[in-house]
Structure formats: C-alpha cells, structure tokens
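FYI, it's all coordinate maths here, none of it is from the lab. Every value quoted in this text rests on a predicted model; they were computed, and no experiment measured them. Heads up, the Cβs are rebuilt from the backbone with ideal geometry, glycines too, and the neighbour counts pull from every protein chain shown.
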Amino acid sequence: MRHGVKLNHLGRTSAHRKALLSGLASDLILHKRLITTLAKAKALRVYVEPLLTKSKDNTTHQRRVVFSYLEDKEAVKELFSVVSEKIAARPGGYTRVIKLGTRLGDAAEMAMIELVDFNDLYTNQAPDAGKKKRTRRSGAKKKTAESVAAETKGTTDEVEAEENKKEAASEGNKKEEQPEA
C-alpha cells in the first residue's frame, strides 16, 4: 500500500525522474509557462516551489543548493534576478496548474503549469499600468490665443510669398509666349 506517499514516480527510475524534473523546472523558470501532462505538472509543482522559496534569499549557499537541483546556470541566473523580485511578497503558491483536456495521440491529460506572477491576465494590475494610453488625436496641448495668432500670421505671410512666386513665374511664362514685334 502507498499510504501517505507524496512522490509520483512517473514510471521512471530515480535518476531519470530527477533529470526529467530538473529539465522541466529549468524550462519553467526560463519560459514562465510550460505545457505537459497533468501528472508531470503536479510532480513539477512539488519539485519547483521549494526552489522558488530558496531564491528569495540571494546568498551563495542558496544559489549552490538551487544549482544542484536545476544544473542550468542560465536558469539559476534568471531565477535569482527576475523571478525572485516578482515573488518576493508572495508567501507561497508560486505556480498554477490549468487542465487543458486530453492529448489526441494517447488521450493523456494535458495541463499548463505557469508562474503565477508572470501571467498578466490574472493579476490585478494591467501589463501597461505605467504606460500612457495612446490616442489617434494630436498630442499637442491646447494653444493659447497669442500662439494661434502668431502661427496664423506666420502662415499667411508664407502663403502670400508663395503666391507672389507663382505670379512671377506665370508672368515670365506670359512674356515668353508673346511674339516679339
């Protein structure tokens, strides 16, 4: 009987299971979301959550402990720099498992496991919270009466100058068209 056994062996030997979970955990940390079978997602959650808790304390010892589990230098760097900043205030429950249905080939139950703080759909703040909303209207502020008068005067002077040039050019063309006597 398997009373109280929390570890799912996943039909693998101990070394194979550790390698599998290490690879899945590294991919989860690097990509923030992963689609796998439901059994692997649940086993991965048990494997990766203590590592995420260890990342909150950025010491050499904790980095070495996490590296012994992940065996991926880039994943450790990402975990201790980007991920640990986002999960600093969270007391636990860093991952979410969402069931996706069955796979067509073998009818295995599929699931998506993701880091909770990196999904913008479920968080309270919008992803563009700091950005200003852009509109199609002009970004210029409302003009004062003086600036409008100065601009219209400048534009009328420019328009008159262009009209004078056109008239001079058309007069030059008229002179060329007239036959000399």
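When the chain is fully extended, how far beyond the present Cα-Cα distance does THR102 get from LYS56, taking 0.36 nm per residue of separation?
On the way: separation 46, 0.36 × 46 = 16.56 nm, distance 3.56 nm.
Result for the pair: 13.0 nm of gain on full extension.
On a full-extension model of 0.36 nm per residue, what is the gain between GLU49 and LEU10, subtracting their alpha-carbon distance, rounded to one decimal in nm?
Values: separation 39, 0.36 × 39 = 14.04 nm, distance 1.85 nm.
Answer, rounded to one decimal: 12.2 nm.
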| Difference of contour (0.36 nm per residue) and Cα-Cα distance, ALA161 to TYR122 | 7.9 nm
| task | Mind checking region 1-30 for trypsin sites (Lys or Arg not before Pro) that DSSP puts in a loop (not H, G, I, E or B) and that have at most 13 other Cβ atoms within 10 Å? | result | ARG2, LYS6, ARG12
